[in-house]
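Working notes for the structure below.
The values are calculated or read from the model by the stated rules, or taken from the named source; none is laboratory data. Values in this document were obtained by computation on a predicted structure and should not be read as measured data. We place every Cβ from the backbone using ideal geometry, glycine too, and count neighbours over all the protein chains shown. Ligands, DNA and RNA are stripped out before the accessible areas are found, and what is left, the full protein with its side chains, is counted by its heavy atoms. Shrake-Rupley method; radii C 1.70, N 1.55, O 1.52, S 1.80 Å.
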Amino acid sequence: MTFFRFSRMREDVPELIKLAGPLLVGQLAVIAFGVLDTAMTARYSSEDLAALAMSSAIYISIYVGLTGVIAALTPIAGQLFGAKRHNEIGEEVRQAGWLAVGLTLIGALILLNADLLLGISQVETALENKARLYLQILALGLPASMGMRVLMSFHNAVSRPGIITIVQLIGLTLKFPLNALFIYGGFGIEAMGGPGCAVATVIINWLWFIATLAIVLAGRFYTPFQIFSRFSLPNVPRIWTLLRLGAPIGLSYFIEVTSFTFMSLFIARFGTTTLAGHQIVANLGTVIYMVPLSLSIATMTLVAQSIGAGKQYRAEEIGWSSVVFTSSLCIVIGLFVWVFRFQLLDLYDPTPDVKLLAAPLFLFICFYQLVDSIQVVAAFILRAYRISFLPMLVYAGSLWCIGLGGGYLLGFDVFGNTPQVFQGVNGFWIANSISLAVAALLLLWIFHRTAAYYKKTNPPVTV
């Protein structure tokens, strides 16, 4: 059995990098929003930073769960693109748009009624009110965010992520001045602190969606897909196909992010300083995560297109090449982060007590990046094969039970015999890292079995 060939890696890796490059730049542009929000709010007050940590964790959990459902469009349209059935892609995009409308209503309802989620952290009323306002403001931008996600999934499927990246970079140039205006106040606008980040984000989300929609309407490249050639009413069978693949993907995203969300909410019980230190390290970890995520999206696109073209052996080879390359790259990144941890911390300019607490947590990022990169690549490969239910079960068992449950037991010393070094915030990070390692091993095994089945049931196509 051959998992990969180094001769193929010389071909696969440049192709992955070519597609992942624009994705990475675009993802970093989006993540830069969070970095700016964290850094600029940290300079405003520790209380606002803690409120930002709570509210952004809740919003991200809801947002990625909803957009995960829409992400099913990428492997479906990617297989159609590989099979050169371009005219069918437009209908899939239109139906994904209808699905996005329904999901937007659900998401807005949750964001506007988040008292139960905010109550878990048991923080002071003033801090909770700031977090609540942040979520209510972001609800206004959710329709644009979901519409943009449909267009992003389509562009990824047809190997055209560069357009999205350009739009995202333009939005990034507006983020700093808008943040400064609404966080600190000016030109007659009263300072809002942390919630001001949400106002800036909503404005940019709507500009993103309108600009991308205009590009699709006017561009010649999009003519063969016939996205706006006619109006389509909701098609239940097509929407059900999207839901059948997308709902488990959305739940997987939800499980993965809520393992961090509830981690943040529980860590809030250790105090504002501890939560602020955790937020900085978690934010940096999220930035680094964009590297394997971008490579994973590129991998899913290339694998899906190979499957659509009937090239099952190439699909497997691309998958294993990506696993080896991405994990190796993330080992290097993890070591770099540990060596330069103090310099990276200085970029956030935290208070001395927050910096002292955050520095030791960088040790977890080194191991965390390796196992996280493997599990995310494997998960996206399986989505290219239209397999999402089993990965969802893997995530639920590992991230919720081992990661969040184990972190609670260690962090709060539930049994009374946990060593001091494993208690508090360390306990949550240790358990979460172990849970990702378990998920990585299981998802790789499922990929191996899936690829073997596809090769057995589909005749090889000469490359």
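For this structure, a couple of remarks:
- The numbered conditions (1) within 30 Å of residue 345 (Cα to Cα); (2) open to solvent by less than 70 Å² (accessible area, probe 1.4 Å); (3) touching a residue at least 40 places away in the same chain (Cβ under 8 Å) are all true for residue 408 except (2).
- Complete set of residues in the stretch 114-156 that are acidic (Asp, Glu) and more than 17 Å from residue 57 (Cβ to Cβ): 124
- Subset of the stretch 159-189 [over 27 Å from residue 216 (Cβ atoms) and either at pLDDT 90 or above or touching a helix residue (DSSP H, G or I) at 6+ places or on another chain (Cβ under 9 Å) (or both)]: 176, 177, 179, 180, 181, 182, 183, 184, 185, 186, 187, 189
- Enumeration of residues in the stretch 30-55 that are over 30 Å from residue 91 (Cα atoms) and under 13 Å from the mean Cα position of the chain (by Cα): 31, 34
- Meets criteria (touching a residue at least 60 places away in the same chain (Cβ under 8 Å), over 22 Å from residue 234 (Cα atoms), among the β-branched types (Val, Ile, Thr) and assigned to a helix (DSSP H, G or I)) for residue 164: yes
- The requirement of being within 25 Å of residue 148 (Cβ to Cβ), out of contact with any Pro (no Cβ under 6 Å at 6 or more places or on another chain) and surrounded by fewer than 21 Cβ atoms within 10 Å (Cβ to Cβ) is not satisfied by residue 13.
- Hits in the stretch 66-75 - residues which are out of contact with any Gly (no Cβ under 7 Å at 6 or more places or on another chain) and crowded, with 24+ Cβ neighbours inside 10 Å: 73, 74, 75
- Cβ separations smaller than 9 Å between residues 6+ apart or across chains give the following pairs from the stretch 26-39 residues that are assigned to a helix (DSSP H, G or I) to residues that are open to solvent by 10 Å² or more (accessible area, probe 1.4 Å) and of a type in the set (D, E, K, R): 39/349.
- Hits in the stretch 414-429 - residues which are assigned to a loop (DSSP other than H, G, I, E, B) and open to solvent by less than 40 Å² (accessible area, probe 1.4 Å): 418, 424
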